[in-house]
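Only one structure is covered here, and it is reproduced in the block below.
All of the numbers you see were taken from the coordinates with simple rules; none came from a lab. What you are looking at is a predicted structure, and each value in this text was computed from that prediction instead of being measured. With ideal geometry, Cβ positions are generated from the backbone for all residues, glycine too; neighbour counts draw on all protein chains shown.
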Amino acid sequence: MVGVSVATVSRVLNNGPGVSAETRAVVLEAMDRHSFTRLRRARRASKVPGLVTVRCTYALDEYFGVLVWGIAQALRQHGKRLVMSVEFQDSTGHSLEELALTDVTEGALLVLPPEPLAAISALRASDYPFVLVDPRLAPPPDVPSVTVAHVASARAATQHLIDLGHSRIAMIGGPVGQLSSDGRLAGFRAALGAAGQAVPDEYVRSVWDPDVNHGLTVARSLLDLAEPPSAIVGFNDKVAIGAIQAAAERGLDVPGHLSVVGFDSLELGRLVQPALTTVRQPVEDMARMGVELLMRLINGREIEALHMELAAELVLRASTGPPR
């Protein structure tokens, strides 16, 4: 409305530094004109003890559903109740701003928030307690978060294939620039580099929407190379299952002609034929640790480690074996 950033408005609201007298006057005048100050005071005064917002803007599938369920169980152990929020308006972070200014809950757990880092930082400046769970981007230094050790997990999955004797290993990664995607690619490259194996450019692909169909499409192109890979690491189980389908289309045996590894340890990966070797993410532990961090914030207790990475487990099944 007044042509300044969310962070600037936040600094005015909290009487923070770094705002000129002229800008501060413009913001305060707009607040007066629209009775915004009275609304904010009223909402702050009406917070309901025991309520915590859990914000997840994604379909509650096997991964997000388990994560939210784990958060609900952990909150119950602290005598808190969950208020579910699925709102996401646009990439400006507008809904996060409203979360801090009008929400009646004590704090929030933001699951893989889609907003840019500027919106996350602005929310932090508002002093509203929140924790990022499985953040999409590397969080600001002063924002608590809990995630998986993506680099170490991908390195272990790739090392498993190297130990089996594979020397032509490809990766179908997720969205470029996201914390999980970049971390898994780094772990993949680290394992191959330590083994003295080069990674041809055509062996590293990425998909913006990591589902079965996109995994199938990219795996087809990999298997059609003059020298196709003997193993594929998928960004998640859905992508890996797409790779298994691509092999089946070409009459290739899995794992005889192609070994495949996924991430997430979804039930679907256990049921597919052959059963999928995968990295089991500690979803319940992420949920529990996110709640513990938030409780410390709400209760004004010190947090020793703001950014927590939890170890994952490689689950060996029938989709990986020595190259034929």
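The phi torsions of region 125-137, fed into the Karplus equation with coefficients 6.51, -1.76 and 1.60 and a -60° offset, translate into couplings of 5, 7, 6, 7, x, 7, 9, 8, 10, 6, x, 6, 10 Hz, rounded to whole numbers, with Gly and Pro shown as x. In this label model, Leu60 and Trp208 are separated by 2.9 nm, measuring between points 7 Å along each Cα→Cβ vector. Checking every one of the chymotrypsin sites (Phe, Trp or Tyr not before Pro) in region 203-274 against DSSP loop status and a limit of 10 other Cβ atoms within 10 Å picks out Trp208. Look at Met171, Met31 and count the other Cβ atoms within 10 Å of each Cβ; fewest to most, that gives Met31, Met171. Any idea how far the Cα center of region 274-324 sits from the one of region 203-270, in Å? A separation of 23 Å, based on Cα centres. Classification of region 150-281 by its C-alpha gyration tensor yields a rounded form. The axis ratio a/c (a ≥ b ≥ c) stays under 1.5.
With a/c under 1.5 counting as rounded, go ahead and sort region 63-216 into rounded, prolate or oblate using the C-alpha gyration tensor (a ≥ b ≥ c being the square roots of the eigenvalues; past the cut-off, prolate if a/b is larger than b/c, else oblate). Prolate, since a/c reaches 1.5 and a/b exceeds b/c. Across region 247-255, computed HN-Hα scalar couplings (Karplus, 6.51 cos²θ - 1.76 cosθ + 1.60, θ = phi - 60°) run 5, 4, 4, 9, x, 8, 7, 10, x Hz from first to last residue, x flagging Gly and Pro. Taking the number of Cβ atoms within 10 Å of each Cβ as an exposure proxy, the fewest-first ranking of Ser221, Ser265, Ser5, Ser10 is Ser5, Ser221, Ser10, Ser265.
Computed about its Cα centre, the charge dipole of the chain is approximately 700 debye, with only Lys, Arg, Asp and Glu carrying charge at their Cβ.
Considering only alpha-carbon pairs that sit under 8 angstrom and 6 or more positions apart, the relative contact order computed for the chain is 17 percent.
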